[in-house]
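K.L.:
So that we are looking at the same thing, I have put the structure below in structure tokens.
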Amino acid sequence: TVGPADQPGTSIVLYPPAATPGITEDERRMIAEMMAKGTYASINLAAKDLDSTFERLQATAEVVQEPTEQPYGIRDCAVRDPAGNLLRIQELR
């Protein structure tokens, strides 16, 4: 995890592909194929007001998931930008 020294609330987490313990060789191959097609990566962001952020994004992005309370304790949404990148936005609590 890295972030700008003058912005302590900003973090960038660098997560190598297929780093999850217990991943199988078949799963590693699948990840490699998805990366080659550009469908494996995502950008994860956080916002204080998820609903307002989502409202603004709807106008220019493809909605993948509306703001949703997840069973693992976060509320988030997902969109694809015009270039097809997946953006997940988590609500800060």
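K.L.:
Checking the conditions here, which among 68, 60 is surrounded by fewer than 10 Cβ atoms within 10 Å (Cβ to Cβ) and of a type in the set (Val, Ile, Thr)?
P.N.:
Matching residue, one of 68, 60: 60.
K.L.:
Regarding segment 13-28, can at least one residue be identified that is closer than 25 Å to residue 3 by Cβ, touching a strand residue (DSSP E or B) at 6+ places or on another chain (Cβ under 7 Å) and in contact (Cβ under 8 Å) with a residue 24 or more places away in the chain?
P.N.:
Scanning segment 13-28 turns up no residue that is closer than 25 Å to residue 3 by Cβ, touching a strand residue (DSSP E or B) at 6+ places or on another chain (Cβ under 7 Å) and in contact (Cβ under 8 Å) with a residue 24 or more places away in the chain.
K.L.:
So, residue 76, is that one assigned to a loop (DSSP other than H, G, I, E, B) and not small (Gly, Ala, Ser) or not?
P.N.:
In short, no.
K.L.:
Within segment 16-28, which residues are within 27 Å of residue 47 (Cα to Cα) and exposed (fewer than 10 other Cβ atoms within 10 Å of the Cβ)?
P.N.:
If the condition is that a residue be within 27 Å of residue 47 (Cα to Cα) and exposed (fewer than 10 other Cβ atoms within 10 Å of the Cβ), then 16, 19 are the ones that fit.
K.L.:
Tally the residues that are closer than 21 Å to residue 10 by Cα and of a type in the set (Ser, Thr, Tyr), restricting the search to segment 64-93.
P.N.:
Of the residues in segment 64-93, 0 are closer than 21 Å to residue 10 by Cα and of a type in the set (Ser, Thr, Tyr).
K.L.:
Starting from segment 49-67, keep only residues that are polar (S, T, N, Q), then list their pairs with residues that are loosely packed, with under 12 Cβ neighbours inside 10 Å whose Cβ atoms are within a distance under 8 Å, requiring at least 6 positions of separation or different chains.
P.N.:
If the second residue must be loosely packed, with under 12 Cβ neighbours inside 10 Å, the pairs left are 60/82.
K.L.:
All but one of (1) of a type outside the set (Gly, Ala, Ser); (2) in contact with a strand residue (DSSP E or B) (Cβ under 9 Å, 6 or more places away or on another chain); (3) exposed (fewer than 14 other Cβ atoms within 10 Å of the Cβ); (4) under 29 Å from residue 18 (Cβ atoms) hold for residue 76, so report the exception by its number.
P.N.:
(3) is the only condition that residue 76 fails.
K.L.:
Being under 14 Å from residue 85 (Cβ atoms) and in contact with a helix residue (DSSP H, G or I) (Cβ under 6 Å, 6 or more places away or on another chain) is the filter here; which residues of segment 33-48 pass it?
P.N.:
Scanning segment 33-48 gives a single hit, 40.
K.L.:
Look through segment 46-63, keep the residues that are part of a strand (DSSP E or B) and modelled with pLDDT under 95, and return whichever of them is nearest to residue 11 (Cα to Cα).
P.N.:
Here the answer is 46.
The values are calculated or read from the model by the stated rules, or taken from the named source; none is laboratory data. Given the structure is predicted, the values throughout are model-derived calculations rather than measurements. A quick note on method: Cβ atoms are made from the backbone with ideal geometry, for glycine too, and the neighbour counts reach across all protein chains shown.
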